[in-house]
Amino acid sequence: MSAAMSVHQTIVAETGSARRTPVPWPLVLAVIGTVAVYLYTLCWATLPPDMVEFVIPWYDHIVQRGPISAFAEPFSNYTPPYLYLLSAASLVHGLIGPLTVIKLLSVGGTAFLALAVADLVKTLGGDAEGAAFTFVVPTIALNAALLGQCDALWAGACVFAVAAMIRGRAVASLAWCGVAIAFKAQAAFVAPFIIGALVGRRVPLWHWTIPALVYAALMAPAWSMGWPARDLATVYLRQADWFDFAGNLANPWIWLGQLAPRSAQPFYGVGYAAAAAAAIGIGALSAASARKPKAMLLVALLSAFALPFLLPKMHERYYFLADALGLALVLAWPTRRNVYVAVAVQLASLTSVLTYVYFYWHPVPALAGAFVAALATFAIYREAISAGARWPTDRKAHSLSRA
């Protein structure tokens, strides 16, 4: 059964009538391909500032020093896994220019994310072929074709982790968590969901060490080539120093940053406390929902969206994981309410990205998007409760607090 037919039949079940003939999946796939080619072609020649300041100099360093010798010293504020891929891609530097190489690598990351979405949708009983829509989700397409970013890599690993946890494969899930955190610290947005599920499933204690072991294993090649271990261990701590204003994500902090930029920093503690409280609550919901697939997906989506919504100093791309999980939600259960949730998440994310690209100094879209994000947060929580997410018993709550 095709994804298009699945969507049609769900709408028929809700409305009680069939007014339209299901669209053949090959035609849907052709439309997706056409739209994707148009969008990517339209954005491809754009050279974003972050690429000029960061990624291209890293690429030039790799080309000049060699794909292995380049790692003899720190040359990036990223952890090495992305740089390994960039190093491998540099082998074609004589044939293809840096802009194309970097963006092709980002498109490859999008393909990886699409595979992860397909795995999650299949886990939930949906049609995995619908994951082709990943390539035309606006923020995902812009991330690769316009910005040339690597967010699809860490987000894809997180989506694989969510799918594995829903299937009850905790070891595989935690291994994917280690991969995700090795690419980007933003993988921590899904941590409350994962920790709660571990408590709910009562996994052995040794399982909790897996992410750290995988992270260390992925750092080891760079360390063996000469990159200092201390530098590898503190990359994420140093990244925080690069960005010291309230943020440009569509969340409440963009309002404070615009209205009182010099007064925002003393209030960061409020955001950290709110996010910590939300993380505990999300973990509690996850612990009590560990065997309810739909509730688990919605709790994972809540984790990926609510934390960047509450935290200060968030970048414009930090709803990216929520974009992918929202797509999986619609593909697995294409009800009207789920569509509304996914659209709200995408609007909040898209206003953030468009603000960064076109309205950086006058962030009107993201200011409006903050209200959409607030509605999306509430809608995700409501849908999670409707799907069966419940607060845990006292015993589980005690186990979660210890975790």
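The values are calculated or read from the model by the stated rules, or taken from the named source; none is laboratory data. Predicted, not measured: the structure shown is a model, and the values here were computed from it. Here the Cβ is made from the backbone with ideal geometry for all residues, glycine too, and neighbour counts use every protein chain on show. SASA here: full protein model, heavy atoms, side chains in, ligands and nucleic acids out. Shrake-Rupley method; radii C 1.70, N 1.55, O 1.52, S 1.80 Å.
The table for this structure:
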read-out: Residue-averaged [θ]222 nm for the chain, counting only DSSP H segments that reach four residues, each worth -39500 (n - 2.57); value: -21000 deg cm²/dmol
read-out: Three-way shape call for the range 266-397 based on the alpha-carbon gyration tensor, with the a/c threshold at 1.5; value: oblate
read-out: Gaussian network model of the chain, Cα within-10 Å springs - most flexible of V35, V137, V330; value: V35
read-out: Calculated FRET efficiency for the pair L27/Q64, C-beta based, R₀ 60 Å, to 0.05; value: 0.80
read-out: Residues of the chain: accessible area per residue with a 1.4 Å probe, Å²; value: 44 Å²
read-out: Pair R167, A217: separation of 7 Å Cα→Cβ label points (nm); value: 1.7 nm
read-out: Heavy-atom accessible surface of the chain: percent carbon and sulfur, 1.4 Å; value: 68 percent
read-out: Label point distance in nm, F75-A273, each placed 7 Å from Cα along Cα→Cβ; value: 4.6 nm
read-out: Approximate spin-label separation Q265-F245, in nm, with each point projected 7 Å along Cα-to-Cβ; value: 1.4 nm
read-out: Full-stretch length increase - L115, R382 - with 0.36 nm per residue and alpha-carbon distance subtracted; value: 93.3 nm
read-out: Length added when fully stretched, A374-H93, from 0.36 nm per residue minus Cα-Cα; value: 96.7 nm
read-out: Length released on extending from A185 to W44, taking residue separation times 0.36 nm less the Cα-Cα span; value: 48.1 nm
read-out: GNM flexibility winner over the chain from W361, W227, W154 (Cα, springs under 10 Å); value: W361
